[in-house]
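The values are calculated or read from the model by the stated rules, or taken from the named source; none is laboratory data. Since the structure is predicted, the reported quantities are computational estimates derived from the model, not experimental observations. Ideal geometry is used to build each Cβ from the backbone, glycine not excepted, and the neighbour counts take in all protein chains shown.
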Amino acid sequence: MNNDPIHIIGGGLAGCEAAWQAAAAGATVVLHEMRPARGTDAHQTDRLAELVCSNSFRSDDWAYNAVGLLHAEMRRLGSLIMASADACQTPAGGALAVDREGFAETVTQKIGGHPGITIERGEIPAIPAAWDNVVVATGPLTSRALADSILRLTGQDTLSFFDAIAPIVHFETIDMSVAWKQSRYDKEGPAGDSAAYINCPMNREQYEAFIDAVLAGPKTEFKDWETVPYFDGCLPLEVMAERGRDTPRHGPMKPVGLTNPHNPLVKAHAIVQLRQDNALGTLWNMVGFQTKLKHAAQTEVFRTIPGLEKAVFARLGGLHRNTFIDSPKVLDNGLRLKARPSLRFAGQITGVEGYVESAALGLLAGRMAAADRAGRTLATPPLTTALGALVGHITGGHLEGEPKSFQPMNINYGLLPPIEAPKRDENGQRFGKAERGRAKKRLMSERALADLDAWIEAEAVQAPE
Ligand SMILES: Cc1cc2nc3c(=O)[nH]c(=O)nc-3n(C[C@H](O)[C@H](O)[C@H](O)COP(=O)(O)OP(=O)(O)OC[C@H]3O[C@@H](n4cnc5c(N)ncnc54)[C@H](O)[C@@H]3O)c2cc1C
């Protein structure tokens, strides 16, 4: 192992996990954290791995929940973040919640006490050219100077500062006896497909009731540091409706160039379109539906759309400050910047969402950076694992020709390749739809853990003590 240090910038969830994993693999690490010299709009302390909002790591159910599966995978790889969370648990039913101060203190002490890791406090405004192995893990609130310098490295239009996200729906929950696939005017896309969108028709009554509900629904208020400049091409749905009841109908919901095969003689008054969101075709985003409606209201209002009555949302819409790079364009599947391969990115800045997902990418980036130092390459875990699916989402989950659709996301089963679930249980009883869905999740989780074990063995990955 070459003893030159790996420089990890950002002592949050991703940076701490990366440092721990790289040091456990025998590398020398310098972890740079700007707090307390320079703060962010959300962090309150100088501790490493501070949780800026909720104290929950979400479901801990490995068999039936994708984030629970990610917990299980990370534990198998000796994750510092998971071990510290387990040590600082507070009661939360099936979720893993932590005592936030105890958690951050535990991580800070473990990192501070590791002989292979040096902590340097202070902002890194630009990445020194002499550093030959770097992990950037500066999170959604990356300092302005560093963001500017990343922008210079990655090129214009590859860094977002606000996250205007539209809801994403699991394909299997869309009622295709009401909705249909067609592109406006049957226009062929770059992949040669003229039926690239799913369309949900609305009559006048349904549209008027929908607009009333959007206008009246409770909205999330921004904290004052979240002053968002709206771009005209990306207005929240309710802002559009406030400008005029028919504005959405002349914008993303326009009913032109489309014929409903279920009812060809009746023209829809408005049409909601969904666009394929991942290469597997399991997830579809609602075009132009970025919104500040509260999550419960979104579920209620969007289920009034014909075809979406039983929609299950992989992610709901939102608008908040979030610095993230256009990973599908600029990163390779080793999390390296294509334009400067000595730089890796990890955590929320890559376009994953959430504490656990951020730490998970830190885990991989730290391992991969250490492998580089040892003169070898660590393969990405298979797409069938939650870890591999996250890398797939950020580096290959978008569709060719539509990189703008790349948006941050939590881990969910829709990011993993589908699996056929049995139609009957072991006693020959026919499964209902919900039971079949559960059986499918269990099979996907079992496949993930088996494939992760095979990867650990093939790559000779040693989990830290
Ligand atoms: C306001 C807010 C609330 C959120 N709430 C939740 C939630 O409830 N649940 C959830 O799962 N996720 C939440 N997230 C999303 C996300 O999961 C967390 O932000 C998570 O902490 C991301 O981990 P990270 O390691 O990528 O970034 P962070 O944990 O933010 O760590 C990045 C670190 O880099 C440091 N840094 C930044 N710039 C520099 C620089 N130039 N030089 C040196 N250090 C630098 C920062 O001080 C920080 O310590 C929230 C995000 C925000 C912004």
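Inside the stretch 53-82, can you point out the residues that are surrounded by 21 or more Cβ atoms within 10 Å (Cβ to Cβ) and in a helix (DSSP H, G or I)?
ALA66, VAL67, GLY68, LEU69, LEU70, HIS71, GLU73, MET74, LEU80, ILE81, MET82
Could you tell me which of the residues ALA297, ALA268 is assigned to a helix (DSSP H, G or I), of a type outside the set (Asp, Glu) and buried (at least 17 other Cβ atoms within 10 Å of the Cβ)?
ALA297
What's the number of the only condition in (1) more than 7 Å from the ligand (Cβ to nearest atom); (2) over 17 Å from LEU77 (Cβ atoms) that GLU33 fails to meet?
(1)
State whether the residues of the stretch 427-447 include one that is part of a helix (DSSP H, G or I), at pLDDT below 85 and buried (at least 16 other Cβ atoms within 10 Å of the Cβ).
No, the conditions are met nowhere in the stretch 427-447.
Cβ-Cβ below 8 Å, separation at least six or inter-chain, first residue in the stretch 43-54 and at positive phi, second near the ligand (Cβ under 6 Å from one of its atoms) and not in a loop (DSSP other than H, G, I, E, B): which pairs?
ALA49/LEU13
With respect to LEU361, determine if the residue is aliphatic (A, V, I, L, M), within 13 Å of the ligand (Cβ to nearest atom) and assigned to a helix (DSSP H, G or I).
For LEU361, the condition - aliphatic (A, V, I, L, M), within 13 Å of the ligand (Cβ to nearest atom) and assigned to a helix (DSSP H, G or I) - is met.
Just the residues that are under 28 Å from SER445 (Cα atoms) and modelled with pLDDT under 95, please, taken from the stretch 46-56.
Passing the criteria: LEU51, SER54, ASN55, SER56.
Tally time: how many residues in the stretch 32-47 are under 15 Å from GLY15 (Cα atoms), in contact with a Leu (Cβ under 8 Å, 6 or more places away or on another chain) and among the hydrophobic types (A, V, I, L, M, F, W, C)?
0
Is at least one residue of the stretch 208-215 away from the ligand (no atom under 14 Å from the Cβ), among the hydrophobic types (A, V, I, L, M, F, W, C), surrounded by 14 or more Cβ atoms within 10 Å (Cβ to Cβ) and part of a loop (DSSP other than H, G, I, E, B)?
no
Does ALA85 satisfy the criteria of being within 13 Å of the ligand (Cβ to nearest atom), modelled with pLDDT of 95 or more and either of a type outside the set (Lys, Arg) or not in a helix (DSSP H, G or I) (or both)?
yes
Taking the condition of being in contact with a Gly (Cβ under 9 Å, 6 or more places away or on another chain) and modelled with pLDDT of 95 or more, how many residues in the stretch 1-45 meet it?
Counting residues in the stretch 1-45 that are in contact with a Gly (Cβ under 9 Å, 6 or more places away or on another chain) and modelled with pLDDT of 95 or more gives 29.
For the stretch 149-158, which residues satisfy the criterion of being exposed (fewer than 14 other Cβ atoms within 10 Å of the Cβ) and closer than 14 Å to PRO128 by Cα?
Of everything in the stretch 149-158, just one residue is exposed (fewer than 14 other Cβ atoms within 10 Å of the Cβ) and closer than 14 Å to PRO128 by Cα, namely ARG152.
Tell me which of these PRO248 doesn't satisfy, since it passes every other one: (1) assigned to a helix (DSSP H, G or I); (2) at pLDDT below 95; (3) surrounded by 12 or more Cβ atoms within 10 Å (Cβ to Cβ).
Failing condition for PRO248: (2).
Within the stretch 109-120, does at least one residue satisfy the condition of being β-branched (Val, Ile, Thr) and closer than 21 Å to GLY39 by Cβ?
Yes, because at least one residue in the stretch 109-120 is β-branched (Val, Ile, Thr) and closer than 21 Å to GLY39 by Cβ.
Could you figure out which of (1) outside any helix (DSSP H, G or I); (2) more than 15 Å from SER358 (Cα to Cα); (3) in contact (Cβ under 8 Å) with a residue 24 or more places away in the chain isn't true of ALA22?
(1)
Give me the pairs, please: first residue somewhere in the stretch 400-412 and among the small types (Gly, Ala, Ser), second residue anywhere and at pLDDT below 75 and more than 16 Å from the ligand (Cβ to nearest atom), beta-carbon distance under 9 Å, and either six or more positions apart or on two chains.
That search, which allows pairs on different chains as well, returns GLY401/GLY189; GLY401/PRO190; GLY401/ALA191; SER405/HIS398; SER405/LEU399.
Which residues, taken from the stretch 107-140, are away from the ligand (no atom under 15 Å from the Cβ), part of a helix (DSSP H, G or I) and among the polar types (S, T, N, Q)?
The answer is GLN109, and nothing else.
Determine whether the stretch 34-52 contains at least one residue that is under 21 Å from PRO381 (Cα atoms) and surrounded by fewer than 23 Cβ atoms within 10 Å (Cβ to Cβ).
No, because not a single residue in the stretch 34-52 is under 21 Å from PRO381 (Cα atoms) and surrounded by fewer than 23 Cβ atoms within 10 Å (Cβ to Cβ).
State yes or no: is VAL169 of a type in the set (Val, Ile, Thr), touching a Pro at 6+ places or on another chain (Cβ under 8 Å), under 22 Å from LEU258 (Cα atoms) and more than 16 Å from the ligand (Cβ to nearest atom)?
No.
Output the number of the condition that TRP455 fails; it satisfies all remaining conditions of (1) buried (at least 17 other Cβ atoms within 10 Å of the Cβ); (2) under 20 Å from ASN65 (Cβ atoms).
(2)
Within the stretch 60-71, track down each residue that is more than 12 Å from the ligand (Cβ to nearest atom) and in contact with a Leu (Cβ under 9 Å, 6 or more places away or on another chain).
Of everything in the stretch 60-71, those that are more than 12 Å from the ligand (Cβ to nearest atom) and in contact with a Leu (Cβ under 9 Å, 6 or more places away or on another chain) turn out to be ASP60, ASP61, TRP62, ALA63, ALA66, GLY68, LEU69, HIS71.
Just need a number here: residues in the stretch 1-30 that are within 14 Å of the ligand (Cβ to nearest atom) and either farther than 21 Å from MET74 by Cα or in contact with a Pro (Cβ under 6 Å, 6 or more places away or on another chain) (or both).
Summing the residues that are within 14 Å of the ligand (Cβ to nearest atom) and either farther than 21 Å from MET74 by Cα or in contact with a Pro (Cβ under 6 Å, 6 or more places away or on another chain) (or both) in the stretch 1-30 gives 3.
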